[in-house]
Amino acid sequence: MLGAFLMFTGELAVARNLQPLFGSSASVWTTSLMFFQLLLLLGYLGAARWPALTGPRGELLHAAVVLLPLLTFPFAYPVLDVPRWLAVVASLSLSVAPAFLVLSTTSVLTQRWFSQSGHPARLDPYFLYGVSNVGSLAALVVYPLLVEPLLGMRVQLGLWYGLYVVFAALHFIARPRRPQPLPAVPDAPAHAGEGTFTGWLLFSAGGSTMLPAVTNVITADASMPLLWALPLAVYLLTFVITFARVTPPWSAVVRLSVGALALSAVAFGLGQWQKSWLQPALVVAHTAVLFVACLLCHWNLVRLRPAQPSQLGRFYFAMSLGGFLGTALIALLVPMLFARVAVAALDYALAGVVLVSALLYRDRVKLAAWARAHRLGAALGATVTALFVGLVVLVFWAQVALQVYGVRTFYGLHTVKDEDGYRWLQHGNTVHGIEALDERGVPRGYYHRTSHIAQYLNSAHVGARVGVVGLGAGGLAGWSREGQQWEFFELDPEVEHIARSYFGFMEKLPASSSVVIGDARLTLADVPEGHFDTLVLDAFSSDFVPTHLLTKEAMALYKSRLQPGGRLVFHASNRLFELRPVVGALAESVGLRAECGGGLIPSAEALADASFAPLRADLALQPVVVPPGARVWTDDYINLLGALRY
């Protein structure tokens with residue numbers, strides 16, 4: 001249980017640590033999830049060989065492998081100049097791989113050791129897999145709700161290191177010194193032994209494909225450990241239920257599934273009735289669907305488990321291989337093969353195909369016999385299935401056809417649509433630019449003529465040199481003037497392509513203006529000190545809040561890039577997070593003040609400067625209220641959960 005707790009707290013902490021290096025994209029988590037599934041696969045392979053290493057040499061090798069991760073601490077995360085998903089994998093491989101590889105062997109090893117003990121329950125050790133997942137669930141509750149909001153990253157890693165030392169000691173204590181031969185099973189449980197490697201693989205892949213598919217949907221508006229942990233906790237909960245000492249009967253599975261689907265329907269209905277509840281309602285609805293799919297897959301895994309403990313290694317290897325392949329399908333293959341299909345439901349559809357394939361493979365013999373006996377019924381069923389598949393394909397094609405442009409990148413789904421005389425840029429569920437088709441180059445939405453940001457950019461307070469972090473459709477460029485020099489800092493190169501090819505705002509930029517591609521913390525570091533008169537931070541209304549741009553260290557960087565008397569302007573509006581107090585506390589921490597104002601469309605621009613009198617008169621600004629005792633965000637400590645509106 002301790003090994004599982006360490007593994008899952010480590011997964012969340014490591015992915016949280018990696019996010020600033022890769023633009024705070026949700027894909028950092030799904031790619032990390034794929035990597036951890038790969039380590040699980042390698043760990044299960046190692047666990048199958050480990051028990052064969054007996055004698056002094058075997059124990060010495062065992063000790064070396066378990067203690068090696070202690071030498072790799074503290075973890076360092078190199079970032080290579082390769083495709084983003086590969087850079088995440090490389091960073092994880094060069095940092096945490098040894099520790100997580102050892103932790104991934106724990107469940108299978110302890111089950112095998114238990115089978116070689118004299119315990120009366122040694123004939124059926126699978127319940128220990130459910131016990132280990134209790135430790136995993138505890139990690140997924142404790143980390144986002146307690147550890148992350150209260151502790152800095154250095155303290156987190158220090159505690160993790162100490163617990164790993166305890167884990168290593170327990171590992172040596174638990175290893176049997178005189179293992180007994182693996183027992184034969186005279187009376188196998190019902191259905192045990194009926195499974196095959198392919199069946200185990202498919203049912204494991206069914207659940208692991210649905211996990212990142214649902215995670216991508218519910219993190220479309222916020223990428224944070226709490227929302228990573230929720231679907232993963234549901235996924236693991238189904239393991240705890242199905243791998244219990246007494247496997248629940250099919251009737252119990254049906255009741256749980258019906259209850260979960262009813263909860264999903266109620267949540268969806270409440271979200272449609274009360275729009276302010278929409279986001280949390282959709283999270284509940286999607287995780288309920290995940291629960292049903294994973295419960296079905298994992299119940300079948302237990303039902304078809306091998307009867308003999310000697311097959312433990314093969315069974316868990318098939319499970320881990322299916323887990324890796326299912327996660328890789330969504331995290332890696334879909335972005336590669338369907339880059340132009342910017343439809344979130346595609347992930348769901350592929351997960352459904354894997355699940356149905358597992359059920360068909362399980363019942364292939366019965367279905368073949370039934371088809372031979374009922375040829376007309378089989379033909380009718382095949383026809384209905386073909387029509388249904390064709391309808392699904394048609395629906396997807398229609399969604400893609402309605403888009404002017406759509407693309408799926410490491411940083412999410414970007415879509416350009418024309419509707420009611422306007423052109424919209426959408427990233428996930430968030431609109432990033434609106435332009436009237438009959439009035440090209442005139443900003444709408446957040447940047448309309450009477451918005452505070454438009455009034456500011458049209459005033460004499462701006463200066464000649466303007467920097468903007470976050471490009472979107474390029475809407476702010478619509479308020480640029482001759483004689484100015486604008487520099488945009490944008491993470492995703494695809495966004496620049498969209499802004500220049502499908503919107504007219506960038507055409508208004510002065511000839512000396514430019515777009516710099518890369519993470520703003522890194523690219524701004526290359527800008528000379530005192531370079532800008534105004535620096536606009538417009539990267540926080542997105543689906544992913546890049547928290548590394550909202551730390552004391554980042555604010556000090558911004559301040560140093562301003563001329564004396566220059567101004568920072570934060571577009572801090574966000575549907576899920578209240579960021580104005582965060583910006584206010586950050587401003588105070590570097591010796592600045594912060595005030596804000598709202599426009600006709602809900603928005604908030606927090607401006608930091610030593611003198612506010614002219615701005616306050618022109619823009620009707622109000623001081624940002626910072627709660628007493630508010631802890632300033634730093635590179636070591638970020639509490640996104642504390643800024644959540646719900």
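Against the definition (buried (at least 20 other Cβ atoms within 10 Å of the Cβ), in a helix (DSSP H, G or I) and on the phi < 0 side of the Ramachandran plot), how does Leu295 come out, yes or no? In short, yes.
In the stretch 436-464, which residue that is part of a loop (DSSP other than H, G, I, E, B) and among the hydrophobic types (A, V, I, L, M, F, W, C) is surrounded by the fewest Cβ atoms within 10 Å (Cβ to Cβ)? Please lay out each step first, then the result.
Applying the first criterion (part of a loop (DSSP other than H, G, I, E, B)) to the stretch 436-464 yields 437-442, 444, 448-451, 458-464.
Checking the rest, the ones that are also among the hydrophobic types (A, V, I, L, M, F, W, C) come to 437, 442, 460, 462, 464.
Working: Leu437: 12, Val442: 18, Ala460: 7, Val462: 20, Ala464: 14.
Per the stated criteria, the residue is Ala460.
The one condition from (1) over 30 Å from Tyr411 (Cα atoms); (2) not assigned by TED's automatic domain parsing to the domain that holds His286 that Arg314 does not meet is (2). Candidates are the residues of the stretch 66-83 that are modelled with pLDDT of 70 or more and exposed (fewer than 11 other Cβ atoms within 10 Å of the Cβ); the one that is farthest from Phe22 (Cα to Cα) is Leu71. Among the residues of the stretch 542-566, those identified as at pLDDT below 85 and more than 25 Å from the chain's Cα centre (by Cα) are Pro564, Gly565, Gly566.
Screening the candidates Asp418, Asp347 for the property of being among the acidic types (Asp, Glu), modelled with pLDDT of 80 or more, under 30 Å from Trp479 (Cβ atoms) and not in a loop (DSSP other than H, G, I, E, B) yields one hit, Asp418. Tell me yes or no: at least one residue of the stretch 393-406 is surrounded by 11 or more Cβ atoms within 10 Å (Cβ to Cβ) and under 20 Å from Gly470 (Cβ atoms). There is at least one residue in the stretch 393-406 that is surrounded by 11 or more Cβ atoms within 10 Å (Cβ to Cβ) and under 20 Å from Gly470 (Cβ atoms). Summed over the stretch 555-586, the residues that are crowded, with 24+ Cβ neighbours inside 10 Å, hydrophobic (A, V, I, L, M, F, W, C) and assigned to a helix (DSSP H, G or I) give a count of 4. For the stretch 627-646, a residue qualifies if it is buried (at least 16 other Cβ atoms within 10 Å of the Cβ), in a loop (DSSP other than H, G, I, E, B) and touching a strand residue (DSSP E or B) at 6+ places or on another chain (Cβ under 8 Å), and exactly one does: Leu640.
The values are calculated or read from the model by the stated rules, or taken from the named source; none is laboratory data. Remember, it's a predicted structure, so these values are computed and weren't measured experimentally. FYI the Cβ positions are ideal-geometry reconstructions off the backbone, even for glycines, and counts take in every protein chain you see.
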